[in-house]
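Asks: Sharing a structure here in structure tokens format.
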Amino acid sequence: MTGETKRRGVDRRQFIATGAAALGLGITGFPAVLRAEATPVKIGLIHPVSGFIAFSGTQCREGAQMAIADINAAGGIKSLGGAKLEAVLGDSQGKPEIGAAEVTKMVEGGIHGIVAGYASSISLATSQEAAKSNTPHVVDVGVSDQIVSRGLANTFRFSPGYGKIAQFAVDNLDKINQSAGSPAKTAMIIHEESLFGTGTAKLLSEKLPEKGIEVIEVIKHANPTRDFTNIVLQIKAKKPDLIIPANYYNEYVLLARTMRQQKVEAKGIYSVLGGAASSYKFVKEFPEAAEQIMDCNHWFDPTSDVALARKKAAEDKGLFYTYEVFLAYNAVAFLADAIERAGSTEKDAIIAAMAASTWDGHGMPYGPTKMVDGQNEGAQPVNTQVLNGDIEVIYPEEFASAKPVFPMTM
Amino acid sequence: MPDLAIIVPSLLNGLTTGALYALIALGLTLIYGVLHIINFAHGALLMVGLYAVWFLNTRLGIDPYVALLIVPPAMFVLGYGLQRGIIGRASHGRDENILLVTLGLSIVIENLALYFFRSDTRIVDTPYSFETVEFLGAFLPLPKVIAFFGALISAAALWLVMSKTDLGRAIRAIARERKGAQLVGINADHVYAMSFGLGIACLGVAACLLLPSYYVTPSVGHGFVLIAFTIVVLGGMGSFVGALIGGLIIGVVEALGGLFLGESLGQIGIFVIFILVLMFRPQGLLGHKV
């Protein structure tokens, strides 16, 4: 018995020693091998590809990898002699601390830039960790305004933040409501409990009353929530004119399904960054539940050929063209454009090039890029509505593909 | 303070949700309660069952309830094979090894699912997905009502197997006195594998009844496995009626907790009950004193 225990102990030590040696080789040996060829530009992609937001994380990764493939196919970074972009993949598992640990690992491995982290909480952690080594970091989706208000020189966000989105959502909801004769007077907010849902709920609770819409109840729920019946029963009892969900995909699906089962009647369902209402997947799988739901979300410019070509390419790959895909795509393309103009992989040069970016090849309703303190000022969401089984842009007018239907006729 | 028009539907909904929890816990109480195998792979195997149902439905057009004829037997074979080929062999009968082996299994299974199915949320669309039954002023989703009765029938069937058949007697004999049972000619490895197979077959039943009202992702099991362990302890290890009652109690506590304390905090009730049971009735509601 003791002999067996002893033998196993040695095995474990050997295992750790081998592991440490392998890790050492991985960190120090790998770049040396690469240096022998044309030096690729290493882009770290950190997304929650497992865990409770794995669907979104995987979509982000797909989008980012599509961008890298497209840029490489078009000749790589020309100012660096056609250097290819090389993706270094990391999984944050939906947890900020693991996302930060991935950054540390990548920085040690000599990363040139990082695109991360989908969720706000994870993006905060990854960008902060990257700032320690001044590594250029582009946030692809995270909407918390804290991300760009901490004075981190390395951190950029190409897409819009909370403040902007919430203001846009409220202003346009007001317009939609007024043009229908202001039928909506009350609202109920259903949100998930992390930074995204809580922040959105707080902002809307402050801003909706200014537009004459009273928020009669705010309900917070956990991730995952296995059953929405309770919440929907409360919605039924309170009878709000508007139901405003702010949650991730799985919970959104259950909530929408339960609302139908419990025969909830409302004048409108208006999501802000709703995990599903701007999702082709949701519309395809739940055409009836999705019909006429409105959303204020990231969206591509439906009048842009670049955007439509990318949408087709993604769909040809069998992907649903969700906002994660095109935002991560653009975050990588924005970073690559900066490296191209910097003509260098020096961190300061890339950061300076990102700060001075006027890039406009994004196919988004943003106009040319203009970075102020790391935030792209032109970035804005749009309003979408599911109409006849398709997702249409209803605001702003210059990008609209359909007129809003409000109150719901379902 | 919510009024009766909410409390009654919420209570009924808690009962139907609880029945689903009970179904998942039934398999666990057999494996954990009777054989003392701490099966960390329970959630992952539930996920396998859910994917099987999803696959049969979307690829072959087989209704989830018709899949009851296919998935549970297949899961039984899977469970039997896992216990005989991997868990039994790798653990050498030591509890701490079983724990690690099943934990390892769950990681392998989840990552395989991630590889094959990616992390997409999958659902099945059936003609009755949105059907509801009106009862006492509440709209109860039809799939959940069916699951409720399915859980009752499954618990009764398991109880019958355990108390009336030779296999059930052998399982109980092994659980109580392994060496003695072997001495009278019971093949312990076979009985262990049969029990494990039965427990996993229960997950197959649960998967068929759950998917019409839920979804499947590679990590879907996480949300259920902790609850299932709680139910097993609450009901009394190895007690099928206990698991059923425990499941219903947990479902109701969760529903009412959510209503009165808020959806985030509502889950607390489950674990308060868990701690109370451990403190004042460690053998569980229907368990026997050790």
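The values are calculated or read from the model by the stated rules, or taken from the named source; none is laboratory data. All figures in this text were calculated on a predicted structure; none of them were measured in a lab. Cβ atoms come from the backbone with ideal geometry, glycine included; neighbour counts cover every protein chain shown.
Asks: Could you say which residue among A:183, A:209 is in a helix (DSSP H, G or I) and surrounded by fewer than 20 Cβ atoms within 10 Å (Cβ to Cβ)?
Replies: Answer to the selection: A:209.
Asks: Checking residue A:404 against (1) more than 30 Å from residue A:132 (Cβ to Cβ); (2) buried (at least 22 other Cβ atoms within 10 Å of the Cβ), which single condition isn't satisfied?
Replies: Just one mismatch for residue A:404, condition (2).
Asks: Looking at (1) closer than 30 Å to residue A:249 by Cβ; (2) aliphatic (A, V, I, L, M); (3) assigned to a helix (DSSP H, G or I), find the lone condition where residue A:349 falls short.
Replies: For residue A:349, the failing item is (1).
Asks: Somewhere in region B:224-240, is a residue of a type in the set (A, V, I, L, M), over 23 Å from residue B:196 (Cβ atoms), surrounded by fewer than 20 Cβ atoms within 10 Å (Cβ to Cβ) and within 12 Å of another protein chain (Cβ to nearest Cβ)?
Replies: No, there is no match, as no residue in region B:224-240 is of a type in the set (A, V, I, L, M), over 23 Å from residue B:196 (Cβ atoms), surrounded by fewer than 20 Cβ atoms within 10 Å (Cβ to Cβ) and within 12 Å of another protein chain (Cβ to nearest Cβ).
Asks: Any idea which of B:84, B:89, B:94, B:59 is surrounded by 14 or more Cβ atoms within 10 Å (Cβ to Cβ) and either over 14 Å from residue B:31 (Cα atoms) or touching a residue at least 40 places away in the same chain (Cβ under 8 Å) (or both)?
Replies: Being surrounded by 14 or more Cβ atoms within 10 Å (Cβ to Cβ) and either over 14 Å from residue B:31 (Cα atoms) or touching a residue at least 40 places away in the same chain (Cβ under 8 Å) (or both) holds for just one of B:84, B:89, B:94, B:59, which is B:84.
Asks: To continue, here is another question. Determine, yes or no, whether residue B:36 is surrounded by 24 or more Cβ atoms within 10 Å (Cβ to Cβ), out of contact with any strand residue (DSSP E or B) (no Cβ under 8 Å at 6 or more places or on another chain), under 27 Å from residue B:111 (Cα atoms) and not hydroxyl-bearing (Ser, Thr, Tyr). Give the derivation first.
Replies: Values: surrounded by 24 or more Cβ atoms within 10 Å (Cβ to Cβ): no; out of contact with any strand residue (DSSP E or B) (no Cβ under 8 Å at 6 or more places or on another chain): yes; under 27 Å from residue B:111 (Cα atoms): yes; not hydroxyl-bearing (Ser, Thr, Tyr): yes.
No: the conditions fail for residue B:36.
Asks: For region B:262-275, check the following and say yes or no: at least one residue is more than 25 Å from residue B:147 (Cα to Cα) and modelled with pLDDT of 85 or more.
Replies: Yes, region B:262-275 contains a residue that is more than 25 Å from residue B:147 (Cα to Cα) and modelled with pLDDT of 85 or more.
Asks: On to the next question. Go through the residues of region B:46-55 one by one and say whether even a single one is within 14 Å of another protein chain (Cβ to nearest Cβ) and surrounded by fewer than 22 Cβ atoms within 10 Å (Cβ to Cβ).
Replies: yes
Asks: With (1) surrounded by 24 or more Cβ atoms within 10 Å (Cβ to Cβ); (2) of a type in the set (Gly, Ala, Ser); (3) part of a loop (DSSP other than H, G, I, E, B) as the list, and residue B:219 as the residue in question, which single condition is left unmet?
Replies: Single failed check for residue B:219: (1).
Asks: Within region B:118-130, can one find any residue that is crowded, with 16+ Cβ neighbours inside 10 Å, within 19 Å of residue A:261 (Cβ to Cβ) and free of Cβ contacts under 8 Å to residues at least 40 places away in the same chain?
Replies: At the first step, the residues of region B:118-130 found to be crowded, with 16+ Cβ neighbours inside 10 Å are B:118-124, B:126, B:129-130.
Keeping just the survivors that are within 19 Å of residue A:261 (Cβ to Cβ) gives B:121, B:123-124, B:126, B:129-130.
From the residues that got through so far, the ones that are free of Cβ contacts under 8 Å to residues at least 40 places away in the same chain too are B:130.
Within region B:118-130, one or more residues are crowded, with 16+ Cβ neighbours inside 10 Å, within 19 Å of residue A:261 (Cβ to Cβ) and free of Cβ contacts under 8 Å to residues at least 40 places away in the same chain.
Asks: Follow-up. How many residues does region A:222-238 contain that are touching a residue at least 40 places away in the same chain (Cβ under 8 Å) and of a type in the set (D, E, K, R)?
Replies: 1
Asks: Continuing with this model, one more query. When you check residue A:365 against the structure, is it in a loop (DSSP other than H, G, I, E, B), in the same structural domain as residue A:329 (by TED's automatic domain parsing) and either touching a helix residue (DSSP H, G or I) at 6+ places or on another chain (Cβ under 8 Å) or within 23 Å of residue A:328 (Cα to Cα) (or both), yes or no?
Replies: So residue A:365 passes the test.
Asks: Do you know which residues across region B:99-148 are β-branched (Val, Ile, Thr) and within 19 Å of the chain's Cα centre (by Cα)?
Replies: Listed by number, the residues that qualify are B:102, B:107, B:109, B:145, B:146.
Asks: Against the condition part of a helix (DSSP H, G or I) and more than 25 Å from the chain's Cα centre (by Cα), how does residue A:203 come out, does it pass?
Replies: no
Asks: Can you pull out the residues in region A:226-252 that are over 21 Å from the mean Cα position of the chain (by Cα) and facing another protein chain (nearest Cβ under 7 Å)?
Replies: A:226, A:227, A:229, A:230, A:231, A:233, A:234, A:237
Asks: Taking region B:96-121, which residues are facing chain A (nearest Cβ under 9 Å) and over 16 Å from residue B:45 (Cα atoms)?
Replies: Within region B:96-121, B:118, B:119, B:120, B:121 meet the criteria.
Asks: Looking at region A:344-354, is at least one residue over 16 Å from the mean Cα position of the chain (by Cα), modelled with pLDDT of 95 or more, over 24 Å from residue A:182 (Cα atoms) and among the β-branched types (Val, Ile, Thr)?
Replies: yes
Asks: Mind checking whether some residue in region A:324-336 is within 14 Å of chain B (Cβ to nearest Cβ), within 24 Å of residue B:118 (Cβ to Cβ), surrounded by 24 or more Cβ atoms within 10 Å (Cβ to Cβ) and of a type outside the set (Val, Ile, Thr)?
Replies: Yes, the conditions are met somewhere in region A:324-336.
Asks: While we're here: Here is a list: B:161, B:133, B:191, B:145. Which entry is surrounded by fewer than 24 Cβ atoms within 10 Å (Cβ to Cβ), within 14 Å of chain A (Cβ to nearest Cβ), more than 22 Å from residue B:55 (Cβ to Cβ) and out of contact with any Ser or Thr (no Cβ under 7 Å at 6 or more places or on another chain)?
Replies: Result of the check over B:161, B:133, B:191, B:145: B:133.
Asks: For residue B:271, state whether it is within 14 Å of chain A (Cβ to nearest Cβ), over 27 Å from residue B:85 (Cα atoms) and surrounded by fewer than 24 Cβ atoms within 10 Å (Cβ to Cβ).
Replies: Criteria met by residue B:271.
Asks: Being within 12 Å of chain A (Cβ to nearest Cβ) and under 26 Å from residue B:126 (Cβ atoms) narrows it down to one of B:221, B:257, so name that one.
Replies: Exactly one of B:221, B:257 is within 12 Å of chain A (Cβ to nearest Cβ) and under 26 Å from residue B:126 (Cβ atoms), namely B:221.
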